[in-house]
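Written below as structure tokens is the structure these notes are about.
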Amino acid sequence: MAAARQTRVGTLLDRDWAQTPTRAALSDGGGRRYLWSYLLQRFVVGAVGLALPVVLMVGAYAQTQEFQRSLSAYYYTGLRDVFVGGLVTIGVFLLTYMVFEKNLDNAASLVAGAAVIVVAWAPTGPPAGGDDSIRVVVHFVAAFVFIAALAVLSVRFGWAEGRRSDRDPAQHRWWSLFHYACAAVIAAAVVFIGITKWSGVGEEYSLLIGETLAVLAFGASWAAKGSELAGQLLGRRG
């Protein structure tokens with residue numbers, strides 16, 4: 001039964017509408033430069049995802065000697081511009097980097113990009129509480145959609161890595177597992193938040209922990225997809 005389900009999922013992900021464009025040949029000078037630019041963009045957005053939670057928490061702690069209860073709450077600290085700027089940077093990239101492609105990757109990327117910009121522009125309520133406006137509801141719905149779309153993208157990365165013609169079997173296995181693990185961390189973060197909020201055990205910082213894990217996993221997945229740029233520049237196999 002499990003094998004049959006896996007086969008059906010694999011059939012869906014191998015269809016034309018789910019496929020990313022064929023990579024440019026490295027023997028093609030223009031195509032090679034295009035590929036390098038593409039990989040650099042992926043690495044940079046991944047690096048932003050990895051750096052953002054660290055910068056927010058360390059920077060705000062240096063000012064207030066306390067942690068906020070969620071990443072979104074850093075909107076109300078002296079790091080507001082970093083919070084909004086980082087999320088909008090990620091969102092604009094996700095909206096535009098594959099905008100002319102018609103495939104599953106681009107659909108998930110468009111959804112994630114639009115959702116994270118909503119997260120930035122419709123902030124959560126202040127730490128003191130008392131704000132139950134529609135804006136707060138929109139914020140949390142957009143945050144959930146963003147995180148879910150990131151998990152889909154990491155799954156797609158893992159699937160695509162296992163089918164690249166320029167990878168050997170060991171590389172297929174390693175990189176597929178890496179991106180699947182990132183997707184699993186994102187999913188586990190959502191489950192963790194849900195359980196702690198439902199049970200009331202450890203809920204004070206559960207949003208901060210869960211959101212941080214999800215964003216770090218997203219950053220790791222995307223930075224890894226772009227990190228092969230170093231090998232390309234050195235003339236190694238990508």
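How big is the dipole moment of the stretch 27-233 about its Cα centre under a simple scheme where the beta carbon of each Lys and Arg is +1, that of each Asp and Glu is -1, and everything else is neutral? Debye, nearest 20, please. Can you show the working numbers first?
On the way: 14 positive and 14 negative charges, 103 e Å.
Around 500 debye, computed over the stretch 27-233.
Report the one residue of Ala189, Phe140, Ala114 whose Cα lies farthest in the direction of the positive end of the charge dipole of the stretch 27-233 (charges on C-beta: Lys and Arg +1, Asp and Glu -1; origin at the Cα centre).
The residue sitting farthest along the positive end of the dipole is Ala114.
Suppose every K and R has +1 on its Cβ and every D and E has -1 on its Cβ; what is the size of the dipole of the stretch 143-183 about the Cα centre, in Debye to the nearest 20? Walk me through the numbers before you get to the answer.
Values: 5 positive and 3 negative charges, 14 e Å.
Dipole of the stretch 143-183, to the nearest 20 debye: 60 debye.
Are there trypsin sites (Lys or Arg not before Pro) in the stretch 93-184 that DSSP marks as loop and that have at most 16 other Cβ atoms within 10 Å, and which are they? Don't skip to the answer; put the middle values down first.
Working: sites: Lys102, Arg135, Arg156, Arg163, Arg164, Arg167, Arg173; in loops: Lys102, Arg163, Arg164, Arg167.
Loop-located and lightly packed - Lys102, Arg163, Arg164.
Would you mind ranking Glu203, Glu211 so that the residue whose beta carbon has the fewest other beta carbons within 10 Å leads the list? Working shown, then result.
Working: Glu203 14, Glu211 20.
Ordered from fewest to most neighbouring Cβ atoms within 10 Å, Glu203, Glu211 come out as Glu203, Glu211.
Using label points projected 7 Å from each Cα along Cα→Cβ, tell me how many nm separate Trp198 and Asp81, to one decimal.
Using points 7 Å along Cα→Cβ, the separation is 4.3 nm.
Where a number appears in this text, it was derived from the coordinates with a stated rule and is not lab data. None of the values given here were measured: they were computed from a predicted structure. Cβ coordinates were reconstructed from backbone atoms using ideal geometry, including for glycine residues, and neighbour counts include every protein chain displayed.
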